[in-house]
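Engineer: Have a look at the structure that comes next, please.
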Amino acid sequence: MAFALQFPMTFTLRIPGPGLFLGLVTILFACALPQSALAQQENRLWRVAVHPHQGFTRVNLFFQSPPDYTLRVLPGRVRLEVRGADSPTFKKLRALNDRELAGVTTSELRGVLSVSIAVREAEPGVQVVSCANPSVLSLDVGPGVKRAVRVDIAPGREPILSGTERFVRDFDADPGGVPFAPTDGKVLKGLLPEGEALLFQQGESLLYRDRAEEAVNVFSMFTNKGAAPKALASFRLGEALERLGRHQEALSYFRQGEALWPQYLEQAPELLQPYSDALARTGDFPAARALLLRLMNRYLGTPYQAELLNRLADLIERNGQKTAALAMYRSVAVYAAGSAAAGRARLKLADRELFTLSRDRYQELLGKYRAVYQEPGDPSSRDEALFKMTLLLSLYASPREALDTVITYDRRYPRGIFSTIVKKMREEILFPVYQDAAAAGKDQELVQLALDNREYLARCFGDPGFAPRISQAFEKSGATAKELELFGYLDQKNWAAGSAPFLLARMVDDAVAIGNVPLAEATARDFLSRFPRDRYAGRVREQLGRLAFERGDLPGAAAQLAFLRAKGGTPQLPDSEYYLGKALEGAKDHAGAVRSLARFTLAAKRDNPLLPDGYFTLATALAAGKDYQRALAACVVGASVASGEMSGQFLYKTGELQLQLGEVRQAKATWEKGAATGGAWGRLASEALSDLNWRMKIAGQLP
């Protein structure tokens, strides 16, 4: 973020080589003494490097040792004052050909080195960048840094930010420290009978396995014992309650244990760690720090000293001393490199930039988290680093890259600490990926996106057009069976309830298309019981009518399709009027059949396979109502779209209608054509022709 006014001093303290004794002693002084007490160290600015970037310029200042500095931002100038330091003159830097900087000058007065950076803007943005090497101080100067005062994420990622920022800021990662140590068995046997000693050890085993609630129940059984067993139980109760977040109760038991057996804390110093946590969480920071320093003194020269330094940094940072905490994390990162403690420290350093980045600079922070993840370390730190890489990409990267990263995390840590929030991130990032694919017309990609992420489509269903667009993609891809299975799953989800009518209606269509009649009928009835007045209800009834017709249940078909006979009844499926007309004709409702079949033949496409029979049945219904002229017209049009056997059928029917109209010679000519077609209808036409010829001969009407 951009800094203004005056910065407090930064203490970044060197921990020498093989051990951390001097480093820890120095840290103790840093925490206990005024800041001016450290200003006497000798230091020197060896080198200044200037690196232009887009929108800002980075100035790297290489000191002999970590600097004790104050930074001021003044009109047209940035001034860095380093106590107990000096430097060469750096004459070549006094004038710079740089877009943001006009020059760098140094001067020294009474042991304070002043580094003055002239800037070309009156009010420049300035950002101090954390480095792994505490002896290098990096400043970013320029207007591009000003954007860091806000979270400059990719457009449309605001829901991800609002859903994660508070969680990440409040998340208490394990700062490290000394591990859990069980009570010495000899001590227990000297204080308790064998059975009770074993029970106490079982309680410690539960505590070690993070089953603190059960451990509390076990240790509570020992609070009515003698002073020493009661003290041990009190210490363990304090530890278990602290893990459960019941800080005040934990502190009460720690104090009770200390009052009963104060010397035991010297025998088991690891108890000072949870005791210190309880004090800190209940607001007694000085006492908490004192206990932690006491613990650190016991572990000097051991592998745990860097872990405890991290813990101290975490403690003082929560008390508002962020600058001193930053120095400790830097020291651990540099001088305990390769250890789990260093990984934790580097995470803490990187976290300071997490929600202050501008959009064009997230790759640098991503690299820091990636380095923590890729190096050996404790699983929790690597998990946290991968999560924060995932978060960064979700906020800044392209939608597709962000989604791939979220999916990768979800597969590696499906039940990790961050799994719930990562699943929410996945839901949010799916939406822009869907939008991009839909806009590009990538139907196959949309199908795969929905199938691969079916558990995470909640955010997408916030868009009313999502389900129809996905269904369209399934239809174009020919993936009917897959759509049926997916929509059946989605219908069970509360977050898809707004699209449930559409989903069920499509399931009915899909089941009909693949020939799964039982599923189609069951789904249709489920739909009508849940959404009887929905706009898709008519379509569902039409499918039920079709299924009834296809199994020969004409009354059932007529009942399902009866709504089409009402005023304004309009079919959603073009063949529904055909099924209704056929059913009505079968019921001898010739007038109703004519109305339905007339609408069908008028609306149907010429290549509709039902169209020829529709015209034939229409002609039959018209003839039954003695409307021979219209029946004949229907036959003529029907014959033009018919082929094969159906052509002979139309010729036979046309001859019949012509005879009814008294057009004997036309009937004779039509049946002659029909007889020439062969087949069953050709034979009928031939028989009708013979009968007509015989009757005409008898009547003397033949030429």
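The values are calculated or read from the model by the stated rules, or taken from the named source; none is laboratory data. What you see is a predicted model, and the numbers here were worked out from it, not measured in a lab. Virtual Cβ from ideal backbone geometry, glycine too; neighbours counted across all protein chains shown. The area values use the complete protein model at the heavy-atom level, side chains included, leaving out ligands, DNA and RNA. Shrake-Rupley method; radii C 1.70, N 1.55, O 1.52, S 1.80 Å.
Engineer: What do you reckon, is THR654 under 20 Å from ALA624 (Cα atoms), in contact with a helix residue (DSSP H, G or I) (Cβ under 7 Å, 6 or more places away or on another chain) and among the β-branched types (Val, Ile, Thr)?
Structural biologist: yes
Engineer: In the list PHE466, PHE487, which residue meets the criterion of being under 21 Å from ARG157 (Cβ atoms) and of a type in the set (Phe, Trp, Tyr)?
Structural biologist: One residue alone meets the criteria, PHE466.
Engineer: Further question on the same structure: Test LEU80 against the stated conditions and say whether it is at pLDDT 75 or above, within 44 Å of the chain's Cα centre (by Cα) and open to solvent by less than 30 Å² (accessible area, probe 1.4 Å).
Structural biologist: yes
Engineer: Can you pull out the residues in the range 268-283 that are more than 15 Å from SER234 (Cβ to Cβ) and touching a residue at least 24 places away in the same chain (Cβ under 8 Å)?
Structural biologist: Within the range 268-283, PRO269, GLU270, GLN273, SER276, ASP277, LEU279, ALA280, ARG281, THR282 qualify.
Engineer: Which of the residues spanning the range 665-686 are of a type in the set (Val, Ile, Thr) and assigned to a helix (DSSP H, G or I)?
Structural biologist: Scanning the range 665-686 gives a single hit, THR670.
Table: residues versus (1) under 18 Å from GLY538 (Cβ atoms); (2) surrounded by 16 or more Cβ atoms within 10 Å (Cβ to Cβ).
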residue: PRO574; (1), (2): yes, no
residue: TYR579; (1), (2): yes, yes
residue: GLU585; (1), (2): no, yes
residue: LYS588; (1), (2): no, no
residue: ALA591; (1), (2): no, no
residue: VAL594; (1), (2): no, yes
residue: LEU602; (1), (2): no, no
residue: ARG606; (1), (2): no, no
residue: PRO612; (1), (2): no, yes
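Engineer: On to the next question. Given the residues LEU632, LEU651, which is the only one that is assigned to a helix (DSSP H, G or I) and either under 23 Å from ALA557 (Cβ atoms) or open to solvent by less than 30 Å² (accessible area, probe 1.4 Å) (or both)?
Structural biologist: LEU632
Engineer: How many residues does the range 345-358 contain that are open to solvent by 30 Å² or more (accessible area, probe 1.4 Å) and either in a helix (DSSP H, G or I) or out of contact with any helix residue (DSSP H, G or I) (no Cβ under 8 Å at 6 or more places or on another chain) (or both)?
Structural biologist: Residues meeting the conditions: 3.
Engineer: Please go through (1) free of Cβ contacts under 8 Å to residues at least 12 places away in the same chain; (2) among the polar types (S, T, N, Q); (3) under 21 Å from ALA481 (Cα atoms) for GLN543 and return the number of the only condition it doesn't satisfy.
Structural biologist: If we test GLN543 against (1) free of Cβ contacts under 8 Å to residues at least 12 places away in the same chain; (2) among the polar types (S, T, N, Q); (3) under 21 Å from ALA481 (Cα atoms), just (1) comes out false.
Engineer: Considering each residue of the range 538-569, count those that are loosely packed, with under 15 Cβ neighbours inside 10 Å and farther than 21 Å from ASP613 by Cα, and give that number.
Structural biologist: 3
Engineer: Further question on the same structure: Going by the conditions given, is GLN658 free of Cβ contacts under 8 Å to residues at least 12 places away in the same chain and part of a helix (DSSP H, G or I)?
Structural biologist: Taking the combined requirement at face value, the residue does not satisfy it.
Engineer: I would also like to ask the following. Looking at (1) open to solvent by 40 Å² or more (accessible area, probe 1.4 Å); (2) under 26 Å from GLY569 (Cα atoms), which is the only condition LEU622 fails?
Structural biologist: (1)
Engineer: Scan the range 603-621 for residues that are more than 18 Å from GLU585 (Cα to Cα) and either charged (D, E, K, R) or assigned to a helix (DSSP H, G or I) (or both) and report the count.
Structural biologist: Result for the range 603-621: 4.
Engineer: Go over the candidates VAL178, VAL168, VAL145 one by one and state the one that is in contact with a strand residue (DSSP E or B) (Cβ under 8 Å, 6 or more places away or on another chain) and either within 30 Å of ARG344 (Cβ to Cβ) or assigned to a strand (DSSP E or B) (or both).
Structural biologist: On inspection, the qualifying residue turns out to be VAL145.
Engineer: I need the full set of residues from the range 457-483 which are open to solvent by 20 Å² or more (accessible area, probe 1.4 Å) and in a helix (DSSP H, G or I), in order please.
Structural biologist: Hits for the range 457-483 are PHE461, GLY462, PRO468, ARG469, GLN472, GLU475, LYS476, SER477, THR480, ALA481, LYS482.
Engineer: Something else about it: Consider the range 498-527. How many of its residues are closer than 18 Å to ILE470 by Cα and open to solvent by less than 60 Å² (accessible area, probe 1.4 Å)?
Structural biologist: Going through the range 498-527 one residue at a time, the tally reaches 13.
Engineer: Let me ask something additional. Restricting to the range 484-497, name every residue that is among the acidic types (Asp, Glu) and either open to solvent by less than 10 Å² (accessible area, probe 1.4 Å) or part of a helix (DSSP H, G or I) (or both).
Structural biologist: GLU485 - this is the single residue of the range 484-497 that is among the acidic types (Asp, Glu) and either open to solvent by less than 10 Å² (accessible area, probe 1.4 Å) or part of a helix (DSSP H, G or I) (or both).
Engineer: Check SER116, SER162 and return the single one that is modelled with pLDDT of 90 or more, over 25 Å from TYR329 (Cβ atoms) and not β-branched (Val, Ile, Thr).
Structural biologist: Just a single option satisfies the conditions, and that option is SER116.
Engineer: Let me ask something else about it. Which one is surrounded by the fewest Cβ atoms within 10 Å (Cβ to Cβ), of the residues in the range 155-186 that are of a type in the set (D, E, K, R) and within 15 Å of SER380 (Cβ to Cβ)?
Structural biologist: ASP172
Engineer: What tally of residues in the range 162-212 results from selecting those that are in contact (Cβ under 8 Å) with a residue 24 or more places away in the chain, closer than 30 Å to VAL422 by Cβ and among the charged types (D, E, K, R)?
Structural biologist: 4
Engineer: Given the options ALA557, ALA520, name the one that is closer than 26 Å to ALA624 by Cα and in a helix (DSSP H, G or I).
Structural biologist: Within the list ALA557, ALA520, the selection yields ALA557.
Engineer: Tell me which of these GLN41 doesn't satisfy, since it passes every other one: (1) open to solvent by 70 Å² or more (accessible area, probe 1.4 Å); (2) part of a loop (DSSP other than H, G, I, E, B); (3) modelled with pLDDT of 85 or more.
Structural biologist: (3)
Engineer: Okay, next question. Scan ALA327, ALA337, ALA333 and give me the residue that is over 17 Å from ASP351 (Cα atoms) and hydrophobic (A, V, I, L, M, F, W, C).
Structural biologist: The conditions single out ALA337.
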